[in-house]
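**Q** One structure, as structure tokens, below. Some questions next.
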Amino acid sequence: MVDLQTYDAILKRMLDRVPTGLDKREGSVIYDALAPAAAELAQMYMDLDIHTNLSFADTASGEYLERRTMEHGISRQPATKARRKGLFYGNGGIPLDVPIGSRFSIGELNYIVVDRLGSGQFALDCETPGSGGNRQFGTMLPIDYIGGLVRAELADVLMPGEDEEDDESLRQRFMSAINEQPFGGNISDYSVRINRIPGVGGVKVFPVWQGGGTVKCTVIASNYDPPAKALIDEVQAIVDPADHSGEGLGTAPIGHQVTIAGAKGANIRVDTTVALAAGMTAGQVQAEIEAVIAAYFLELRKEWAKQTRLTVRISQIDARILTVPGVEDVRDTQLDMIADNMTLDEEEIPLLAGVGVHE
């Protein structure tokens with residue numbers, strides 16, 4: 001309806017209401033009096049269309065989407081801090097314990113020591129919330145002097161940091177909550193509750209996996225990699241602590257013995273033969289081919305929680321390789337030396353183990 005309410009259409013209707021005996025030509029007093037009003041009305045109809053879309057969850061965005069979902073108790077998930085493992089050494093490479101609360105920097109980010117994991121090994125929280133805290137690895141510099149410290153390294157991601165939830169993710173979560181009706185320990189209930197836990201990127205629920213009352217929940221980290229043990233333990237403690245007792249001490253219903261597991265990485269090597277443009281060599285396209293295959297694997301991992309099993313398809317890999325500048329044709333692509341698609345187990349996700357590019 002709004003599409004029909006254009007400036008020209010409104011002005012024509014207004015002029016049509018003026019008696020035919022009066023001057024209505026462009027530049028006349030009547031025309032010049034009606035034209036600004038028609039422009040304002042056309043703008044009003046456009047604003048009305050925008051505000052109509054902002055009132056419905058499937059078309060709303062930003063603050064308006066959040067206000068809509070809050071009516072059903074669903075709020076936008078805030079950014080969370082990454083938790084990382086730090087390794088600290090003194091003279092001769094001997095592990096060194098550092099004080100809790102010590103602060104270190106790497107790049108533009110700062111990390112603070114929050115817990116001791118072992119000799120010279122500590123958990124650190126990134127002071128800046130978001131996924132940026134997952135990316136840096138390597139040598140850290142102490143912000144304050146620490147006696148005896150020779151080297152500090154930022155190592156494993158224990159719990160990934162997450163950016164603030166975007167509109168599409170919030171909308172999808174809202175629609176799922178409305179349509180799937182989670183209740184009393186059904187599959188949807190486990191899925192909704194576990195997906196709310198910071199660091200979790202998806203979950204598969206396996207009911208009665210070892211008989212009545214037993215439930216297995218396999219999670220993937222929010223960066224779509226296999227989760228660290230720290231994240232698995234965190235989810236276990238929230239859902240069903242105390243040795244999977246089923247006593248209802250967590251979010252799981254009384255009588256449900258819940259086991260939390262992590263998605264397993266399937267390391268896959270890709271080999272392919274390409275025909276290149278004149279003057280190009282395999283070394284020149286190697287990095288870009290690796291990048292497009294890694295992006296495809298990431299796409300698959302993002303869909304893992306929605307699929308029974310993931311299938312890595314050679315046709316999809318070939319199609320992406322052909323987008324690399326300088327590649328004119330591709331053939332004989334193999335996955336782990338087999339020229340066929342690879343279907344993974346229910347709890348497996350694909351990880352790129354290497355790419356061989358041949359001419």
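**Q** Inspect segment 220-235 for any residue being in contact with a Phe, Trp or Tyr (Cβ under 8 Å, 6 or more places away or on another chain) and farther than 14 Å from A305 by Cβ and give the result as yes or no.
**A** For segment 220-235, residues in contact with a Phe, Trp or Tyr (Cβ under 8 Å, 6 or more places away or on another chain) and farther than 14 Å from A305 by Cβ: absent.
**Q** Against the conditions (1) crowded, with 17+ Cβ neighbours inside 10 Å; (2) more than 17 Å from P350 (Cα to Cα), where does T273 fall short? Just the number, please.
**A** (1)
**Q** From K216, K306, grab the single residue that is basic (K, R) and buried (at least 16 other Cβ atoms within 10 Å of the Cβ).
**A** Only one candidate passes the filter, namely K216.
**Q** Also: Looking at segment 276-331, which of its residues are touching a Leu at 6+ places or on another chain (Cβ under 9 Å) and more than 26 Å from L344 (Cα to Cα)?
**A** A282, Q284, V285, G326, V327, E328, D329 - these are the residues of segment 276-331 that are touching a Leu at 6+ places or on another chain (Cβ under 9 Å) and more than 26 Å from L344 (Cα to Cα).
**Q** Of the conditions (1) surrounded by 12 or more Cβ atoms within 10 Å (Cβ to Cβ); (2) charged (D, E, K, R); (3) out of contact with any Leu (no Cβ under 8 Å at 6 or more places or on another chain), K24 fails just one. Which one is it?
**A** Going through the list (1) surrounded by 12 or more Cβ atoms within 10 Å (Cβ to Cβ); (2) charged (D, E, K, R); (3) out of contact with any Leu (no Cβ under 8 Å at 6 or more places or on another chain), K24 breaks only (3).
**Q** Looking at the structure I just gave you, is A237 closer than 14 Å to P160 by Cα and either part of a helix (DSSP H, G or I) or hydrophobic (A, V, I, L, M, F, W, C) (or both)?
**A** Working: closer than 14 Å to P160 by Cα: no; either part of a helix (DSSP H, G or I) or hydrophobic (A, V, I, L, M, F, W, C) (or both): yes.
Criteria not met by A237.
**Q** Taking V215, is it out of contact with any Phe, Trp or Tyr (no Cβ under 6 Å at 6 or more places or on another chain), β-branched (V, I, T) and part of a helix (DSSP H, G or I)?
**A** For V215, the condition - out of contact with any Phe, Trp or Tyr (no Cβ under 6 Å at 6 or more places or on another chain), β-branched (V, I, T) and part of a helix (DSSP H, G or I) - is not met.
**Q** Which pairs turn up if I take residues in segment 301-320 that are more than 15 Å from A266 (Cβ to Cβ) and look for partners that are among the basic types (K, R) with beta carbon separation below 9 Å, at least 6 apart in sequence or on another chain?
**A** If the second residue must be among the basic types (K, R), the pairs left are A305/K204; T308/K204; D318/R331.
**Q** Which members of segment 240-263 meet the condition of being without any contact (Cβ under 8 Å) to a residue 40 or more places away in the chain and assigned to a loop (DSSP other than H, G, I, E, B)?
**A** At the first step, the residues of segment 240-263 found to be without any contact (Cβ under 8 Å) to a residue 40 or more places away in the chain are 240-250, 254.
Within segment 240-263, D240, S245, G246, E247, G248, L249, G250, I254 meet the criteria.
**Q** Does segment 198-208 hold any residues that are crowded, with 18+ Cβ neighbours inside 10 Å and aliphatic (A, V, I, L, M), and which are they?
**A** Answer for segment 198-208, where residues must be crowded, with 18+ Cβ neighbours inside 10 Å and aliphatic (A, V, I, L, M): V200, V203, V205.
**Q** Against the condition in contact (Cβ under 8 Å) with a residue 24 or more places away in the chain, within 17 Å of I146 (Cβ to Cβ), out of contact with any helix residue (DSSP H, G or I) (no Cβ under 9 Å at 6 or more places or on another chain) and part of a loop (DSSP other than H, G, I, E, B), how does P99 come out, does it pass?
**A** yes
**Q** For T52, state whether it is crowded, with 16+ Cβ neighbours inside 10 Å, closer than 30 Å to N179 by Cβ and either in contact (Cβ under 8 Å) with a residue 12 or more places away in the chain or not acidic (D, E) (or both).
**A** no
**Q** Oh, and also: Could you figure out which of (1) crowded, with 18+ Cβ neighbours inside 10 Å; (2) within 25 Å of A79 (Cα to Cα); (3) of a type in the set (A, V, I, L, M, F, W, C) isn't true of A152?
**A** (2)
**Q** Continuing with the same structure: Restricting attention to segment 105-131, which residues are touching a residue at least 40 places away in the same chain (Cβ under 8 Å) and not in a strand (DSSP E or B)? Give the derivation first.
**A** Going residue by residue through segment 105-131, those that are touching a residue at least 40 places away in the same chain (Cβ under 8 Å) are 106, 111, 123-131.
Answer for segment 105-131, where residues must be touching a residue at least 40 places away in the same chain (Cβ under 8 Å) and not in a strand (DSSP E or B): E127, T128, P129, G130, S131.
**Q** Could I ask something else about it? Of the residues that sit in segment 159-185 and are among the charged types (D, E, K, R), part of a helix (DSSP H, G or I) and without any contact (Cβ under 8 Å) to a residue 60 or more places away in the chain, which one is surrounded by the most Cβ atoms within 10 Å (Cβ to Cβ)?
**A** We begin by selecting, within segment 159-185, every residue among the charged types (D, E, K, R); these are 162-168, 171, 173, 180.
Now restrict to residues that are part of a helix (DSSP H, G or I): 167-168, 171, 173, 180.
Narrowing the set further to residues that are without any contact (Cβ under 8 Å) to a residue 60 or more places away in the chain leaves 168, 180.
Details: E168: 10, E180: 14.
For segment 159-185, the residue satisfying everything is E180.
**Q** Further, regarding this structure: Say we look at segment 69-92 and pick out the residues that are without any contact (Cβ under 8 Å) to a residue 40 or more places away in the chain and not in a loop (DSSP other than H, G, I, E, B); which of these is nearest to L117 (Cα to Cα)?
**A** Ranking the candidates gives G92 first.
Yes/no matrix, rows are residues, columns are (1) of a type in the set (A, V, I, L, M, F, W, C); (2) over 24 Å from D233 (Cβ atoms):
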{"site": "P78", "(1), (2)": "no, no"}
{"site": "S119", "(1), (2)": "no, no"}
{"site": "F122", "(1), (2)": "yes, no"}
{"site": "R135", "(1), (2)": "no, no"}
{"site": "P142", "(1), (2)": "no, yes"}
{"site": "R171", "(1), (2)": "no, yes"}
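Computed from the coordinates by the stated procedures, all read-outs in this text should not be read as laboratory data. This is a predicted model, so every value here is computed, not measured. Note that each Cβ is placed from the backbone with ideal geometry, even for glycine, and that neighbours are counted across all protein chains shown.
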